[in-house]
1. Restricting to segment 166-193, name every residue that is assigned to a helix (DSSP H, G or I) and basic (Lys, Arg).
2. For segment 20-51, give me the residue count where each residue is at pLDDT below 90 and either crowded, with 16+ Cβ neighbours inside 10 Å or not in a loop (DSSP other than H, G, I, E, B) (or both).
3. Can you tell me which residue in segment 130-150 is nearest to Lys90 (Cα to Cα), limited to those that are of a type in the set (D, E, K, R) and in a strand (DSSP E or B)?
4. I'd like to check something: does segment 59-75 contain any residue that is at pLDDT below 95, in a helix (DSSP H, G or I) and not hydrophobic (A, V, I, L, M, F, W, C)?
5. Give the residues of segment 1-16 that are buried (at least 24 other Cβ atoms within 10 Å of the Cβ) and either outside any strand (DSSP E or B) or out of contact with any Leu (no Cβ under 9 Å at 6 or more places or on another chain) (or both), sorted by residue number.
Amino acid sequence: MENFEASIVLAGVGGQGTLIAGKLLGILSLKLGLDVKVSEVHGMSQRGGSVITYVKIGKEVHSPIVEPGTADFVLSFEEVEAVRWASLLKKDGVMIVNSQKIKSLPVLLGAVQYPSDIKASLDNGAIGDTKIIEIDALGAALDCGTSKATNIVMLGALSKYFGIDDKVWQESIEEAFAAKPKTIPLNLEAFAKGKSLA
């Protein structure tokens, strides 16, 4: 795997676990003997604020920043965030979108409307061999017992495109959640569900 390279964008809202997902990708990269840079470059820590995490993996990585049109993968943990960050995806990249809708305060107050048919808009705007995959990551996480596993479902879907042995993913999940060992089985289940959804 020494030639493996990937630029990944994790986009969501506060409380969806994008930072933990980024940490897990960092652990995975180090287990593969690769360089990795993880950076939260924009966002609010409070629940409901937009959060974006950049992860770059390769033999040698100099900057964590993912420029527009260069991301191999964009994982959008919420539908509107997919639209917000779609410009980062390269023309033959893969976008995995969680079908969850989290209404912002202006939407809740009736000042603006939540966009309709986001998946169709993304499909229409896709360039070249871009793949847009929508999954119900929240539903799969709830099947495992907690909405907090949505991020691991998303990583399970991403793993389908990495070509990295599931054992390495499993070891990375176990290390990422070592402080909360009781959560490891459900996170492994969430990972498997995400992989099957993709």
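The values are calculated or read from the model by the stated rules, or taken from the named source; none is laboratory data. Given the structure is predicted, the values throughout are model-derived calculations rather than measurements. Ideal geometry is used to build each Cβ from the backbone, glycine not excepted, and the neighbour counts take in all protein chains shown.
1. First, the residues of segment 166-193 that are assigned to a helix (DSSP H, G or I): 166-176, 181-193.
Once the filter is applied, which keeps residues that are assigned to a helix (DSSP H, G or I) and basic (Lys, Arg), segment 166-193 yields Lys167, Lys182, Lys193.
2. Step one: of segment 20-51, the residues at pLDDT below 90 are 40-51.
Remaining after also requiring either crowded, with 16+ Cβ neighbours inside 10 Å or not in a loop (DSSP other than H, G, I, E, B) (or both): 40-43, 50-51.
Final tally of qualifying residues: 6.
3. Here is the first cut: in segment 130-150, the residues of a type in the set (D, E, K, R) are 131, 134, 136, 143, 148.
Next cut, in a strand (DSSP E or B) only: 131, 134.
Values: Lys131: 10, Glu134: 18 Å.
Filtering first and then ranking leaves Lys131.
4. No, the conditions are met nowhere in segment 59-75.
5. Gln16
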